[in-house]
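In what follows, a structure is listed as C-alpha cells, so that the remarks can point back to it.
The values are calculated or read from the model by the stated rules, or taken from the named source; none is laboratory data. All values reported here derive from a predicted model rather than from experimental measurement. Cβ atoms come from the backbone with ideal geometry, glycine included; neighbour counts cover every protein chain shown.
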Amino acid sequence: MANSDAEVIRFQAGDTDVINRISAEDYSVLERDQGPRSFHLSDLGPSLEFNFLFFNLNSVLPAQSFALARKQAWFREVKFRQAVSLSIDRQAITRIVYRGRGTPLWTPVTPASNFWVDTAIPHPARSVEDARKLLASARFSWKDDGTLVDASGSPVEFSIITSASNLQRTQIATMIQADLKDLGIRIQVVALDFHSVLDRILQTHDYEAAVLGLGAGDVDPTSEMNIWRSSGNDHVWDLGEPHPATSWESEIDQLMEKQLSTMRPKDRKLLYDRVQEILAEELPIICLASPNILVGAKDQLANFKPATLDPHTLWNSQELFFREKEVARKP
C-alpha cells in the first residue's frame, strides 16, 4: 500500500530519511517540487503487485442472497468474464491511475518476474465489438436503450467493492464502471474500509465483485500456492466448498503441486506457464495493472540501493550511512 499524504509531507520536509512505496501521484508531486530539502527519487520499474477484478463465485453464500445467486449465473459464464476483460482499457488505467508508471497485465505474473512470466499469453487490446460478440454468443442481448439483459430479460448490473483507503484501486473501479457502460452494464462502485472489504470477501462472501491487489513476497510460484490451489486461504473468487469446484481448478491444483516437487527450473516453468494459460482463458480473476516500485531517500544517505523485493529500501540497512555535509570554507 502506498504511503499516506502525511508521510509524504514529512519526507518532503526532511523529517524522515527514506520513503517506501510512493504512489504515482505523490511521486509526480515530489518530482516537481522538492522544496528546501534535498532528496532523490527512484523508479525501479515493475513491481510484483497485481491489481485485479474478480466476481463472487462462492457456492456458500449468506442467507437471503437470492439476487447474488441469480447474478452468479452471469459470473460463472466464462464468455461473460472474457467479455468484461475485453471491455476494460488497461492502457488507460496505466496512463491515468499510475501516471504511466505501471504495466498493463493479462496474467498475475508481472514483468518483474521475468523468468516465470509466460510471454506467449495474448495481450488483446480493448474491443467493445468483440466483447459484444462474446455476450451475444452466451445468449445476452440488448434493449432498445442499450441496456444489456440476460436470457430471461433481466438487466445486467452489479456492484464492485474496493478499499476506500486505496485511491488507486477506487480509481480503477470507477474506470471499469465507465468501460462496462459501453456494454450496457450498470456498475455501482462501493468504497468500504479495508477491513470490511476483507471481511466480505474472506468471511461472509457478501459481495458481487471486487477490485483487489496482491503482491507476492517472492518471484517463485510456490509463494502463491494459497491463491491458486482451490483449497487455499487466498483463493478469493471461491472460498466455499467443494474444492475444487471446476475441472480447470482441479488441473491448476495438480500443476501447482507438481511444480512444487519438480527439480529442474525449466520443467517447473512449463508447469507454471500452463497455470497462467488456464488463468488467462478462464479468468477467475481479471488482471488489470501493476504499479512501478517508487521510492526516495535523502541525498546524504549513502549506499541506498533499492530492490524489487520487499523491503525495497531497507534490505541493506546495515550498509546505510549518512555522508557528512560539506562545510563551506572561508577564503
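Out of Q177, Q203, which single residue is in a helix (DSSP H, G or I), free of Cβ contacts under 8 Å to residues at least 60 places away in the same chain, within 26 Å of K133 (Cβ to Cβ) and not hydrophobic (A, V, I, L, M, F, W, C)? Working first, answer last.
Working: Q203 fails: within 26 Å of K133 (Cβ to Cβ).
Criteria check complete, one pass: Q177.
Quick check on this structure: which one of L202, L214, L239 is crowded, with 17+ Cβ neighbours inside 10 Å and at negative phi? Give the steps one after another, and end with the answer.
On the way: L202 fails: crowded, with 17+ Cβ neighbours inside 10 Å; L214 fails: crowded, with 17+ Cβ neighbours inside 10 Å.
Matching residue, one of L202, L214, L239: L239.
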Query raised in the report: Hey, among the residues in the stretch 221-231 that are free of Cβ contacts under 8 Å to residues at least 24 places away in the same chain and more than 14 Å from L279 (Cβ to Cβ), which one's surrounded by the most Cβ atoms within 10 Å (Cβ to Cβ)?
Result: S231
Requested in this report: Output the number of the condition that D26 fails; it satisfies all remaining conditions of (1) of a type in the set (D, E, K, R); (2) buried (at least 19 other Cβ atoms within 10 Å of the Cβ); (3) modelled with pLDDT of 95 or more.
Outcome: (3)
Requested in this report: Could you identify the single residue in R268, R229, R186 that is out of contact with any helix residue (DSSP H, G or I) (no Cβ under 7 Å at 6 or more places or on another chain) and at pLDDT 95 or above?
Outcome: R186
Report summary line: Among V189, V197, V211, the single one that is in contact (Cβ under 8 Å) with a residue 40 or more places away in the chain, under 26 Å from I22 (Cβ atoms) and in contact with a strand residue (DSSP E or B) (Cβ under 6 Å, 6 or more places away or on another chain) is V211
Report task. Would you please list the contacts, defined by Cβ atoms under 8 Å and residues six or more apart or on different chains, that run from a residue in the stretch 145-165 that is farther than 24 Å from I285 by Cα and of a type in the set (G, A, S) to a residue that is surrounded by fewer than 15 Cβ atoms within 10 Å (Cβ to Cβ) and modelled with pLDDT under 95? Result -> S154/R70
Query raised in the report: Could you say whether any residue in the stretch 141-150 is under 28 Å from A245 (Cα atoms), touching a strand residue (DSSP E or B) at 6+ places or on another chain (Cβ under 8 Å) and among the β-branched types (V, I, T)?
Result: yes
Requested in this report: Being at pLDDT 95 or above, buried (at least 21 other Cβ atoms within 10 Å of the Cβ), among the charged types (D, E, K, R) and farther than 23 Å from A136 by Cβ narrows it down to one of R81, R95, R90, so name that one.
Outcome: R90
Query raised in the report: Since H123 meets every condition but one in (1) surrounded by fewer than 17 Cβ atoms within 10 Å (Cβ to Cβ); (2) within 29 Å of D193 (Cβ to Cβ); (3) under 24 Å from the mean Cα position of the chain (by Cα), which condition does it not meet?
Result: (2)
